[in-house]
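Read the figures in this text as sums done on the coordinates, not as results from a lab. What you see is a predicted model, and the numbers here were worked out from it, not measured in a lab. Every residue, glycine among them, receives a Cβ derived from its backbone with ideal geometry; neighbour counts consider all protein chains shown.
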Amino acid sequence: MVVTMEKIVSLCKRRGFIFPGSEIYGGLANTWDYGPYGIELQNNIKKIWWKNFVQDRQDMVGIDAGIFMNPKVWEASGHIQSFSDPLMDCKKCNERVRGDKLIEQWSLEAGQGRLPKHWAGEKTPSEDILEYVMNEKIVCPKCGELAWTKPRRFNLMFQTHQGVIEDEQSLVYLRPETAQGIFVNFKNVLQSSRKKIPFGIGQIGKAFRNEITPGNFIFRTREFEQMEIEYFVKLNDWKSLYDGWRQQMEYFYTDILHFHAEKMRWRQHSPEERAHYSDETWDVEYHFPFGWGELWGISYRTDFDLKNHSKLSGETLDYLDPETNERFVPHCIEPTFGVGRTVLAALLDSYDEDQAPSEKDGMESDARTVLRLHSSLAPVKVAILPLVKKLSDRARNIFCDLQKDMMVEFDESASIGKRYRRQDEIGTPFCVTIDFTTLEDATVTVRDRDSMKQERVNESMLRSFFSEKFRL
Ligand code: ATP
């Protein structure tokens, strides 16, 4: 079975995970809205992330900074000067592409090893990109002509104006990363939390980038959400702590999210490819249907950010070591995770098709689509299904009882087989069926999504049964 993006996009629309944005107006390119199940999946990912990286650790605290920040922040961070992509236009059909992505796509289609030497992605000088494209005759994917403009640097930050007067003074940016909200609050958090180095600050929030080529569903969008950590360390400790964070990221995808390990890999950035602030960067890549792509990343940002903010703001952003009495500007390790890309990976990783017994004839079987999401990610944990409407009152009592602990769904419409299929498609781990035997002995049938095995459980034991299953 091959999982395609088409299958995922169609399931998301059909079952209410993710809809095209502003659809009734014909949409708005590459915008997506999360529906009832999508938001549950997304919230579960964020909750699990927060629990794992903030709540369960003594060396972490959280914040939630604003999207709008003083424009000087983006000067200090280097985003105004160097947060740009090489944009090229086809002179024949006006198709607009990212020069680096054009070469990467061509190289992917042409087989491994055809990237220019010392390839640095979007950081490659414009002249080099153009020269390579012309030498290799990489034509426009839309019209097939070889007529590219020289790449122009295009800043990815969205601009808007604060207040009623639109002038230079009122110019603000929509933040392109959440990280800077952490750096500018470093002193406030340090003073109020009295944390000792090494310690970190976590944040979940929206970021905006005016991407030249958004696409692949929610993989690359212009508005997206990040879960970021800035972990402050002593200069000499950075390498060992950095390696420790890489292990924790790995643990997060194997043991917490339960993604297939063979679909994940690490990729180190070459020195040329690294962002302006970084001395070492690794990406955690996932094997998407369109190829390997960055899911998360981890950068060693040195003391670049705190130093620059200190310089531009005039505030001292350093740390006094209580043991050595030494003052220094902390260095920083940044593990960063995209929410949307994690949602996409969770859907792809859990998507499966198999055969389920048919209702018509026990010997036949129906093809079913099933999301084998780990129960902690599943949007709905249990579905309550009365066999016939006559049993609905009894079933509703069970629903109300279980709802106190978890997301539960009540469904009394259509045949039981159709209702099972529906729950399989949204990844519900268990279905509880109330039938006529329930009236006699107060037991219900609990059906397991993956094995499709059924067992009878006493109605009064259901809450503890599921607490045990989900370790609530
Ligand atoms: P890419 O190389 O794919 O453009 P990036 O290296 O610019 O990504 P980072 O700046 O490291 O990405 O951002 C941290 C995380 O935010 C990424 O690992 C990814 O999960 C997510 N992310 C970045 N850009 C986007 C986007 N346009 N849409 C959705 N998620 C994104």
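Summarising the amide proton neighbourhood of residue 375: residues at separation of 5 or more, or on other chains, whose placed amide H is nearer than 5 Å comprise an empty set.
Across the cross-link table entries 206/469; 72/234; 123/263; 101/234, which are compared at the Cα atoms, the separations over 30 Å belong to 206/469; 101/234. Size estimate for region 43-102 follows the Kirkwood approach: the inverse of mean 1/r over distinct Cα pairs works out to 16.0 Å. For residue 95, the residues 5 or more places off, or on other chains, whose built amide H falls under 5 Å of its own are 90. The alpha-carbon atoms of region 317-472, seen along their principal axes, cover 75, 34, 22 angstrom, with the largest extent given first. As a test of the formula, what do you get for the chain when each DSSP H run with n ≥ 4 contributes -39,500 (n - 2.57) and the sum is divided by the residue count, at 222 nm and rounded to the nearest 500 deg cm²/dmol? Taken over the chain, the calculation gives -8500 deg cm²/dmol. The stretch between residue 292 and residue 165, if pulled fully straight at 0.36 nm per residue, gains 41.2 nm over its current Cα-Cα span. Taking Cβ atoms as reference points and 14 Å as the exclusive limit, the residues near residue 305 contribute a net charge of -3, counting Lys and Arg as +1 and Asp and Glu as -1. Modelled this way, with points 7 Å down the Cα-to-C-beta line, the labels at residue 153 and residue 458 are 7.3 nm from one another. Computed from Cα atoms, the angle from the helix 304-313 axis to the main principal axis of the chain rounds to 60 degrees. The gain in end-to-end length when the residue 70 to residue 393 segment is fully stretched comes to 110.6 nm, 0.36 nm per residue minus the alpha carbon separation.
A simple count of charges around residue 405, restricted to other residues whose Cβ falls under 9 Å of its Cβ and scoring Lys, Arg +1 and Asp, Glu -1, yields +2.
With θ taken as phi - 60° and the Karplus curve 6.51 cos²θ - 1.76 cosθ + 1.60 applied, the whole-hertz 3J(HN,Hα) list for region 246-263 is 4, 5, 5, 5, 5, 4, 4, 7, 8, 9, 9, 8, 6, 6, 5, 4, 6, 8 Hz, x standing for glycine and proline.
One compactness figure for region 88-155 is 1.02, namely its Cα radius of gyration divided by 2.2 N^0.38 Å. Each other residue within a Cβ distance under 13 Å of residue 63 adds +1 if Lys or Arg and -1 if Asp or Glu, for a net charge of -1.
The Cα atoms of region 380-470 cover 30, 29, 23 Å along the three principal axes, with the biggest extent listed first.
The distance linking region 240-300 with region 88-167 is 25 Å (Cα centroid to Cα centroid, whole angstrom). In terms of the mean number of neighbouring beta-carbon atoms within 10 Å, the peptides 203-214, 100-111 order highest first as 203-214, 100-111.
Listed values for region 371-387 are Karplus-derived 3J(HN,Hα) couplings in whole Hz (6.51 cos²θ - 1.76 cosθ + 1.60, θ = phi - 60°), namely 9, 8, 5, 4, 4, 5, 8, 4, x, 10, 8, 9, 10, 9, 10, x, 4, and x replaces Gly and Pro. Dipole magnitude for the chain: about 440 debye, using +1 per Lys or Arg Cβ and -1 per Asp or Glu Cβ, origin at the Cα centre. Considering only Cα atoms, the convex hull volume of the chain works out to 198 Å³ per residue. Close amide-amide hydrogen proximity is noted between residue 410 and 384, each under 5 Å apart and 5 or more residues distant or on a separate chain (H modeled in the peptide plane; Pro and chain starts excluded). The Cys residues in the chain with no partner Cys Cβ within less than 4.7 Å of their Cβ are 12, 332, 400, 431.
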